Amino acid sequence: MEGTAVQRRLTWQVANVTAATTETPAVRTIELAVPEWPGHRAGQHLDVRLTAEDGYVAERSYSIASAPGEPVSITVERLEDGEVSPYLTEELRVGDELELRGPVGGYFVWEEADGGPLLLVAGGSGIVPLRAIIRQHQHSGSDAPVRLLYSARTLPDVIYRAELDSYADDIAISYTLTRARPPGWTGYARRVDAELLAEVAWPAGQQPLAFVCGPTSFVETVAGGLVGLGYRPERVKTERFGGTGGA
Amino acid sequence: MQKLDGNAIAGVLHEIFGEEMTAVMATCESCGFTAPVANTVVYPRLPGEVVRCSNCAALLMVITRIRGVNCVDLRGIAALKSPVDT
């Protein structure tokens, strides 16, 4: 498999929390110092393991939010009935230790050699691995053109908004807000459907490469819509997560 | 019941198989459909992980952990093939 020529044993290790940034009221980015990090590719994950005093263990997988070469970070959305995310978003402090293993995954990844045109479609916190891809695209100096479609409930729910807007010269970004819009909103104002995709997505004839990440129902709608537009199924990479997503 | 995909079990699959598995092509024993492991339907923590075919919903794989040992049932998978071999 490309980029994974050396087989590596996947082991749990203890990382240190070096920074924690509030992205939205329910979303936090946690930066980690990982002693033995072999490096990662944009779009990969890591697994977090929490162990309670009574020995109960909970493991969850999170997308890595940072690009290759940057300090490892994850962006976590608090799920109201979650076992792990409330701890990560509310309890964990800078200086604390966190048990993790990674990177894992090799399907939902993008490298400069993969080219484009790139279509990135995010629902809610599905933006996290796509942000790593966008940063990698910027760092690598790739000339593949990029379009991003990001669906969120409301404008304050948009994660990384200032950062994303700073890419506006390089990347065509379309937002759609599904629940509420600020006065004077000029973006889209509905759930992503086939018609919206047809307006935003690269024409299929350009052989685009799509990455779609969000809640399961969102991903099914978008992936189905893109294939309906003529995208080759193997060029539509999907990742479904269990967050509320708000898309 | 949560419904995810094969990306969500990348870590446990790497642990079991000793290498990255989500980009590997899996063929369903029931319907013959072949797709990356990442595209399978995963019902996590039931308490084990139940993996189904995204085409016909047949059972592909069940992973349970008993006293720290992963028990892996691959009965529904006809073939696993690295994408570079295809």
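Where a number appears in this text, it was derived from the coordinates with a stated rule and is not lab data. Predicted model, so just to flag it, every value in this text is computed and none were measured. Don't worry about glycine lacking a Cβ; one is built from the backbone with ideal geometry, like all the others, and counts go over all protein chains shown.
If you sort the three axes of the alpha carbon gyration tensor as a ≥ b ≥ c, you get a/c of 1.5 or more for region B:4-81 and a/b above b/c, which makes it prolate.
Put simply, the amide H of residue A:193, placed in the peptide plane, has no neighbours under 5 Å, leaving out anything fewer than 5 places away on its chain. Here's how it looks for residue A:238: its modeled amide H is under 5 Å from those of A:212, which are all 5 or more places away or on a different chain.
To make sure I understand, if each residue's beta carbon is the centre and we count other beta carbons within 10 Å, what order do A:186, A:21, B:27, A:176 fall in, fewest to most? Present the calculation step by step, with values, prior to reporting the outcome.
Details: A:186 7, A:21 11, B:27 17, A:176 20.
Going from least to most buried by this count: A:186, A:21, B:27, A:176.
On full extension, the segment bounded by residue A:93 and residue A:49 gains 14.2 nm, given 0.36 nm per residue less the C-alpha separation.
Can you give the FRET efficiency for residue B:57 and residue A:16, using 1/(1 + (r/R0)^6), R0 = 35 Å, r = Cβ-Cβ distance, to the nearest 0.05?
Numbers: r = 43 Å, r/R0 = 1.23.
The formula returns an efficiency of 0.20 here.
The DSSP beta bridges internal to the protein assembly as shown are antiparallel in roughly 65% of cases. Scalar couplings 3J(HN,Hα) for region A:61-78, obtained by applying the Karplus form with A = 6.51, B = -1.76, C = 1.60 to θ = phi - 60°, are 9, 10, 5, 7, 8, 9, 7, x, x, 8, x, 5, 9, 10, 10, 10, 9, 6 Hz; x denotes Gly and Pro. Near residue A:140, once Lys and Arg are set to +1 and Asp and Glu to -1 for all other residues with Cβ below 10 Å from its Cβ, the sum equals -2. At full extension, residue A:112 and residue A:189 could sit 24.5 nm farther apart than now, given 0.36 nm per residue minus the alpha carbon distance.
Cβ crowding within 10 Å, taken as a proxy for footprinting-reagent exposure, orders A:237, B:3 from fewest neighbours to most as B:3, A:237. Our helix-only sum for chain B, with -39,500 (n - 2.57) per DSSP H run of n ≥ 4 divided by its residues, gives a mean residue ellipticity at 222 nm of -2500 deg cm²/dmol. Along the Cα-to-Cβ line of residue B:25, 7 Å from the Cα, sits a label point; which residues in region A:214-243 have backbone N less than 18 Å from it? Backbone N within reach: A:232-238.
Couplings 3J(HN,Hα) for region A:230-235, derived from phi with the Karplus relation 6.51 cos²θ - 1.76 cosθ + 1.60 (θ = phi - 60°), are x, 5, 6, x, 6, 9 Hz, where x marks Gly and Pro.
How much net charge surrounds residue A:154 when only the other residues with a Cβ under 10 Å from the Cβ of residue A:154 are counted, with Lys and Arg +1 and Asp and Glu -1?
Details: positive: A:153, A:179, A:181; negative: A:157.
Computed value for this residue: +2.
Per residue, chain A reaches -5000 deg cm²/dmol at 222 nm when only DSSP H runs of four or more residues are counted, each adding -39500 (n - 2.57).
What's the extension gain from residue A:172 to residue A:220 if we count 0.36 nm per residue and subtract their Cα-Cα distance?
Working: separation 48, 0.36 × 48 = 17.28 nm, distance 2.31 nm.
Additional length available on full extension: 15.0 nm.
Amide H contacts under 5 Å for residue A:44: A:64, restricted to partners 5 or more places along the chain or on a different chain, H placed in the peptide plane at 1.01 Å from N. Cβ-to-Cβ counts within 10 Å put B:24, A:128 in ascending order as B:24, A:128, the fewest first.
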